[in-house]
Every structure is written in C-alpha cells, then in structure tokens.
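The values are calculated or read from the model by the stated rules, or taken from the named source; none is laboratory data. Since the model is a prediction, treat every value here as computed from it, not as a measurement. Don't worry about glycine lacking a Cβ; one is built from the backbone with ideal geometry, like all the others, and counts go over all protein chains shown. Just so you know, the surface numbers come from the protein's heavy atoms only, side chains and all, with ligands and any DNA or RNA stripped out. Shrake-Rupley method; radii C 1.70, N 1.55, O 1.52, S 1.80 Å.
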Amino acid sequence: MPTNESTTPIITTSPLSLWNNVAPRVYTSRALCFPFSAPARNLLDPLSYTSTLLWFLRIHLLCIAKARPTFAGKLQLGVNLLSDEKGKLRRDGVYNDWHVYLRTCSQWEIPLGVEWPDDEEVRGMYAGLEVEGVCKREVKGWPREYLSYDELKRAGFPVKPFINPQLTDSSSTLEEGGEAVPVVQVRVLLLRGGFVLNVLGHHTMFDGGAFTQFLNIFAEHTTSLSFEWEKVPGSHDLRLTLPGIEKPYEELMAKCPEYKEWEDQAPNGPTHPVSPSLRDGDSLTGSSKIFVFTFARIAQLQKEIATHGVKASIYECLSGLLWALTYFSRVMASSTDPSSFEHFLHNHFAEEQPVFSTPTDWFARVAGLTSANPEIVAFKEQIAEDTKDYLGNKITWISTRLPSASLLIDAAKDGDLAALAKIVAAISKSGTDMAEDMEEYITVRTSLFAGLSQNSSAGDSNDIRRIGLAFDPRQPSEWQMNSWKNFGADTEWRFPPLPSFSFPSLQAPMVPTNAFSPSASASYSHRDYFNVTKPDAVRRVQARYGISGGLWLPARKEQKEEVLVQISLPQEAMGVFEGLVLDEKWVERFQLAHADPRIIFGDTTALWRSLASTTPDDNGRETDMDLFLTQVTRSIHLLAAMLFIHFLCLSALATATTSPKRGLIFTPNSDWPKDDLVWITGPNNLTWYHNYQSLPSSESNYAALSQNQIEFVPTMWGGNENDTDFLGNVTALMGVDSSKDEDKDKTKRASDKRNITHVMTFNKPDQPFDVGGSEMEPRVAAKAWIKNIIPLRRLGVKVGLPLVNQPYTSQTKREEGNKSWLDMFFANCSGLLDKVEDAEEKTCGFDFVPVYSFGDFEMLEERVGIFENAFPGLDIWITEFGIPSETLENTQKFYNQSIPYLDSKESVKRYAWFGAFRSIVSNVGPNQAFLDAYGQLTDIGSWYLGGNATGREALPSEDYKDDKCTKEKPCGGDENGEGTLRPSRLIVLLVAVSFLLV
C-alpha cells in the first residue's frame, strides 16, 4: 500500500556552528522552584491540580515546538546519521563524522516528564498521575529532609538536593552508535506543597545566554497567548565572514592557552577539562555550599583595591578574593595529613603556575568595543551583521596566570590588600588584553576549530574532540569562576496552582485532567485567574559534587543586597574555607544542610558581622531626604503640611494593638542582659511565655514573676524513656510532691506555689537535632509521656500534643502501612497502657494542639487549617512563627497579615512570634527581630508589645563598628544603646514640629 506523503513526517538535518560544536556535549540544567498555593495544597486529591499543571505545561511546550521546531529537535553525531543525510551534507561541504547535527520535524514535541522522590508518602500522592504525552518516574536519592517544599525553602534551597545524576541526563551521550538526544527536556519534580521545574538544555545548542533566552520564551508563553517570535534569533549555524588563518594546527594551539590536547589524541572532548589519571585508587570527595556575600562588602573591597591603582569590576574583585581564599584553604587542608591525596596533589603540581579561568560572551565583548579606530569599527559592524540571527554558543575562555602562588597565600593568610590588588589586576588585565585584539582572538580560535573540522576522510586528526580545556580542578592553585546572576531568576510565569491563585466564581469546571489538544490553550477559560509569579530560587543541577569552582547564582533584581555564590571544594578544604570567610567577615552566612529557626545561643556575632555593610534598599529610605531637600526650597509650608498629614497617617497605621493571646518566646542574651528586661518592663500586652525548658528562666529575675504577672508554660522539649525530671520540676513549681501515691492518683493539690495550668510537650520529635528537633523515637516518647505527662494531666494540667511537622496520615495510607510519627506514638501509648492493669487511661490524651510555621502567610493559613481539620474542636497554639530571611517590606507585610488573622481566628487561643532578640544575632533574618543592633525596639518589636512604630532599622547604620560591641557600650551606640532612626521618619518628625511652629 503506497504511503500517504501528506502524513509522512519530514525530518530535516542541519549543521551547527563551529562554536556550537566545540561546546561540551552534555546537558546544562536549571531548577526553578515554585510553591503550590494554599487552595491547591488544601485539595484532598493532589492529582487534580498536578495533572492540570502538566496539561498546561504541555500546551505551551507544544506551541513553542510548532513555532520553532528547533527546540523540539534532536542532536546526533555525524557518524550516526543515515547515509542519505550524510550524502547531502557532504555535497554541501559541511559534513564531519565527529560534528553534531540538528534534526528537526514539525511533528516532534519537547519532551515533558513528571517525577517525584522515591518516598512512600510522596508516591502515594502522585503515582496515580496519568497525563497524555507525559512520562513519569521516581527519583532516587532525593534527601528525605526536603520532601516538603516548605522545608526546602526554609533551608534556603541548598545545594544538596540538586546534586543527583537522576536529575540530569548523563545517559544521553553523543557517541558513535548512540541514539539522538533531545535539544531540550522539561521535567517537573513534585514535592509536598510545591514543585521544581527542571529545564535541561543541551550545551551543544545553548550557552548561558541562549539558555536564558529559551527560559524567557517559555515563561512568556505561559503569560501571553500571543508571542512575538520575530524578536527571537532563529539560526544555529554561525558563518563568520572573517578571513581564515592558514597556519599549522600546532601554531594555532600555541596561541590558545585555554585549550589543551588530550593525551594520545584521545577524542574525549570537546572542551571538557583535561584531567589525566595521577595516582591509582585515589580521588577527592567534593563538597558544595552556597555562601551569601553582601554586595556592599564586595563593593567596599572594590573601592579599597582601587586605592592601589586597580580599576576592576565587582566580579573580578570577588573572583580574585575567592581564588586566594580557596587556594589557601586547600593548602591548610593538605598539611593535616601527609599521606592524603590532597597532599600528593600539592606536591605534584608544585611547579605549575596558578591559573584562573572564566567564560565570557565574545559577542558581548565585541559589542562593547568603544574604539574609534576604523578597522575596529568595521570589525564590530561585521560581527553584528554575521550574528544578528544567531542563537547558540558564543562563549570563550579568559585565562589568568600568576608567576607563583605566593600572592594567593599573602592575600588569604595575612589579609594583604596589596597582594589581593595584584591578583585582581591580573584577572582584569586578561580581559583587557583580549579586548585590545579581539579580531585576532576570535579569528585564531575560529581557524583552529575549522582546521579540526575538515572532511573526516583526511583521518583522525580532523576530530574536534581532540581538544579540551587546559583546566585541571585537582590542581590546588587553579580556580574557575562563572556567573549565572541574570539567568532566569526574574522570569515571570503563569501556572495553574501557584501563589495567589484562587478559583474563579464561575461554575465552569477546571480542564479535564487527561484532555489535550493543540488549540486548547486558546479556550482555557480560567487562564486569567492564574497570577504571575517568579521562582523562589534558581539552582544549578549537577550529577556530582565538584572540587574546584565558584558560581554566582541567579537572584532577583530586588535581591541586589546579596550575592549568592556556590563554592565547590574538596571536603576537607571546605571546612577551612568556611572558617576563613566567617572570621574575615567576607560572608553574611553560608547554608548548612538544614536551617534551624531558633536563635543560636553563644557567640554568633561573627556570623552576622558583614551585615553591618548594607546597601540602601528601594523602599524610599534614601530618596525621602533628597525629595525633601529639593522641595523645601519651593514651598516649605505646603510640604510641611503634607508631611505632617503623612505623619498622622503613619501614626494611625501603627496604632497599638493588644491581644490576650500574645506570648513571648524567651531567648536570653548573656552579652546584653538588659535586653531580657524589655519584655517585662514598661507597658506591654504579653500574657504568657515559654523558653523550651521545664523551669522559669533565671535571667533578669524571671523566676520571681508570678503567673498573674506573666504566665510561664513549661515545655518538655525531649527526654528519654526513664527520665522523670520534667514531672519533678513542674510538680515542684506547683507545690505537689509527685513521689507520694496520693498525689499520683488524685487531683488534690498541696499549697500552690505556681498555678501551672498548661504544659507543652516534645518539640519537633519527628525532626532531627540539626533543624531544632528533639528527634525522638515514638516508642521512647510514649514511655516518657506516660511517666511525666499523664501524672500532670491527672492533676488537672492541660497538656499539648507533641509539636510535629505533620499530623496523622490518612486512613487509606495507614492501611497501606504508611504511618506518621503521631500514628506510631499513639500506637505505642495504647500498647504500653494496655499492659498496665490498673491504668485509668487507655491512650495518651491531650488538650490543645501546638503548631509552628516559618514561611509566608499562605503557609501559616494552610498549617492552621491542616491541624484544625486533623483535631476538630481543640484549641490551637501557634508556639513559633515568622517569615525568615525576608526583606523589611515583606516581613512587615507578613506581620500585618498574620497578627490580625491570629487575633480573629477563633480556634487559635495563643501565639508567639519568634523574634525576641537582636537583629545581629538572628539566624532567621534581621528583619524578624524585635530589637535592632543597639537593643532598641524595631517597628515589629514595638507593635508586638502594643506600641507604635519606632522607625528603627533592624540593621545598624553605616557608622556601626563591630569592634565597639561590649556589654558596657553595645554595638557602637552610646551607653544608653542609642541607635538610628530611618531618615524618612526623621524628616516626618522634624517637619511635623516645623508645621506646628508655623
């Protein structure tokens, strides 16, 4: 039967540019992190919103593929092409066995997959997904502590979860006999409460800039049904009209120090680092962490380096600093064990020059040339013409060499600024040297690539895979730096179940979960109800940990105060590096494996020292002064009147609020003991407090306060199965002898010393110690409860449920063998009590439900709703809450949302904001603290105590000097702890007085 030609797919095979062919033949992956909205999280069936999300994504990926089939194309090595494809390419003079070619077809789609961690509970949520055209699988190795999106966000989206070979596609290799690989793949990793959009682009087609263009296209497609494709370059074959250089291969290679030939001409490239085997059986264990630098601190370093006659960019200064610190860290780590492989590497590479490498976009370098030289102007214009429709790789490498490693040692060990300035100067000069002879630089490299790309019938010498980068990450004095700072963080997306999404009032149903048609998006009636959002974070996905390198991670434009850098080092050197950057005050913080939302007790000043240097934000704190000074010369009386009205409005907004529910989490500070008095002196509306302990705090005479002054609620934070200290301490407070049988079995009290009416129990027993949990086995907790809590309940004390992350699992999941910590705890309780013949209780009863929440307002609402539904009719206590590490604006917005909500919520009987400490010792972000650096109340601190706004910054002003921090004179203020008011509030107050005088 003849084939119907109209339905036969037509596959087109096209060559790729030399610059694409010299790129690494692997996938580069970016993970964009998004939460699900509260309405989506509260749906009983997660399949309804996740299948809608996948349906929605497939719609837009199909639209992109139809408009630009290149993105749905496949890549194949020349030697693996069909004979007729090879013949056509040979006739066109563009064939080489070892080049990569692009195959496209109008009927192909961009592959979309859905995956979830290999966990029983998560599998139970998502394994039933069935969406046409979407493949699904489980991912092994995803850390158990990050199965919840909220926990992942709370930890700051650390490196650990994103280093997993299953999240990349290392199996898809362009080798002889191999299958074609997709240009782009999109995968959705589903977690509890959110998802990770993992976009994989093949490096042969994409450098960082081209990849970002694809992300922008994808994002814009979700927000608009009409996309202007004419503004997107469409060619992947770059034909430069530069004159070639007819010189031998060896001579061209000598002019390209960033490249090196593989040993024995082995075709292992192109442009992977050349790292031959050194010592059998030895390897380095890599470690990667994210370090948070303050932009202002690096900017200050830039100014200090400039005093040594070196004009350099922020990136060059940061690169020089990290080169010195990482090398010194490896030197120190190698000295601890002479038999280690690290020590061997230092000896092996002792005679090698230190090398710094960084990629650069040579298109941008050419476009940035400012010379009026006619030849350079002509070259610039020619490149602009040649590249105007090109979307692909345009990256080359800048290499910097130092004569010896002594400068690196001096800059890191002794803090020698002059030495660091020389390092930065060398890095800057390498870029300048390239720019001064850009035409030759590009022509030499293009000619080298062309020489390796002649018709392969000439022999193995014409194999572009022969060359690699002259970069060996094992050499301690070599360092590589890259920047992704503008890559994807500010993309705006419109997805179904994302933040701020609320179901429309229409009665029309959501789209069918399995329905799909190419034209469906045009009639998707609910589309306009999906609010635009940006990713919470963008992270690099890797198959394994690196051992040398730095990556400036993407961040939103409004997050300009911070610079997030992912550092990779051998494990031993990483520990040294952490100490260096903290002690020298270069970083604000670095991400641990987990985040603990409690105050860090002890000397934590070093962790926050560099916070003293912060850039002005965009909330008007600088511009108010400028505006006032400009306008005052025009109309002082009018401005005074307007600002006075503004002051009255501010005062109205900051009107004192009180609540009998409001409590304190007491965290004493031995460095500034007078801070402890803030909460019990002067007017406030705090009615109760807890301190994670069984006894009242001894600091500042808290123990002498009666329950009528401020109620103390004891907490049994943890414990073991034979421990009865908690019972003894609490009954001693109450004046009850717990050792007597009559007191054990009766509710009659002795003369009360303290009227203890409530106690709280185990603090996050389902969480590990390093995230603030008590990490108790359910069996041990049950035994401790029976010995400590049941006797108190017999005395009439109301007891709280253990503070857990999640309540019960569903009945269906319990029947399947999936049990939560509480399920196992109560099962153990019942089993143990059944064995006690005269036991009055048959289970471990409780009277109220503690809940914690560290996230946005939607998370708070969601968590209250979850525990309300799990324990209907019982009182809810919010024992810890806040929004860690947010901007001042967002923190105050959260406060002004959450406090009225909790005050009005009938089921919530008590709550306690986590923030009774100074901003400089806060590990939940400075803006959540009640006290500024000088021990004075911030706006939030004053509001919480029932006062008005103070206008005080959470962070110190620019004249703050950390070395002035003493108990007698805290943090640079005067003896009374005087700090600074925000300029905008000062202006308002001054002008208000002026207005009254007028």
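Can you tell me how many residues within segment 164-176 are modelled with pLDDT of 90 or more and surrounded by fewer than 21 Cβ atoms within 10 Å (Cβ to Cβ)?
Number satisfying all stated conditions: 3.
Does segment 842-858 hold any residues that are open to solvent by less than 60 Å² (accessible area, probe 1.4 Å) and either assigned to a strand (DSSP E or B) or in contact with a helix residue (DSSP H, G or I) (Cβ under 6 Å, 6 or more places away or on another chain) (or both), and which are they?
Cys844, Phe848, Val849, Pro850, Val851, Tyr852, Ser853, Phe854, Gly855, Phe857, Glu858
Take the residues in segment 818-873 that are touching a Gly at 6+ places or on another chain (Cβ under 9 Å) and acidic (Asp, Glu); name whichever of them is farthest from Asn788 (Cα to Cα).
So the residue we want is Glu862.
Being assigned to a loop (DSSP other than H, G, I, E, B) and either open to solvent by less than 10 Å² (accessible area, probe 1.4 Å) or modelled with pLDDT of 85 or more (or both) is the filter here, so list the residues in segment 7-64 that pass it.
Residues of segment 7-64 that are assigned to a loop (DSSP other than H, G, I, E, B), as a first pass: 7-10, 16-17, 22-26, 36-37, 43-45.
Selection gives Ile10, Leu16, Ser17, Val22, Ala23, Pro24, Arg25, Val26, Phe36, Ser37.
If I filter segment 767-789 down to residues being touching a residue at least 40 places away in the same chain (Cβ under 8 Å) and not in a helix (DSSP H, G or I), which single residue comes out as farthest from Thr715 (Cα to Cα)?
Applying the first criterion (touching a residue at least 40 places away in the same chain (Cβ under 8 Å)) to segment 767-789 yields 768, 770-772, 774-776, 778-789.
This time we only want the ones that are not in a helix (DSSP H, G or I), so: 768, 772, 774-776.
Values: Pro768: 18, Gly772: 14, Ser774: 12, Glu775: 15, Met776: 15 Å.
In this case the residue turns out to be Pro768.
Here's a check for you: in segment 218-240, which residue that is under 18 Å from Val199 (Cβ atoms) and in a helix (DSSP H, G or I) is nearest to the chain's Cα centre (by Cα)?
Ala219
Going by what's in this entry, would Arg90 be described as surrounded by fewer than 16 Cβ atoms within 10 Å (Cβ to Cβ) and either modelled with pLDDT of 95 or more or part of a helix (DSSP H, G or I) (or both)?
yes
Which ones in segment 674-727 are small (Gly, Ala, Ser) and more than 37 Å from the chain's Cα centre (by Cα)?
Gly682, Ser698, Ser700, Ala703, Ala704, Ser706
Looking for whichever is open to solvent by 20 Å² or more (accessible area, probe 1.4 Å) and at pLDDT 90 or above here; the options are Pro182, Pro161. Which one fits?
Pro182
Return the residues of segment 245-285 that are open to solvent by less than 90 Å² (accessible area, probe 1.4 Å) and in a helix (DSSP H, G or I); say none if nothing qualifies.
Tyr249, Glu251, Leu252, Met253, Ala254
If Thr204 meets every condition in (1) at pLDDT 90 or above; (2) surrounded by fewer than 23 Cβ atoms within 10 Å (Cβ to Cβ); (3) out of contact with any Gly (no Cβ under 8 Å at 6 or more places or on another chain) apart from one, which number is that one?
Thr204 satisfies every listed condition except (2).
Select from segment 349-403 the residues that are among the polar types (S, T, N, Q) and open to solvent by 50 Å² or more (accessible area, probe 1.4 Å) and list them in ascending order.
Gln353, Thr370, Ser371, Asn373, Gln382
What's the total number of residues in segment 340-380 that are outside any helix (DSSP H, G or I), farther than 23 Å from Pro243 by Cβ, at pLDDT below 90 and among the polar types (S, T, N, Q)?
Qualifying residue count for the region: 2.
Failed condition for Ile878, given (1) surrounded by fewer than 23 Cβ atoms within 10 Å (Cβ to Cβ); (2) within 19 Å of Asp766 (Cα to Cα), with all others met?
That leaves (1) as the condition not met.
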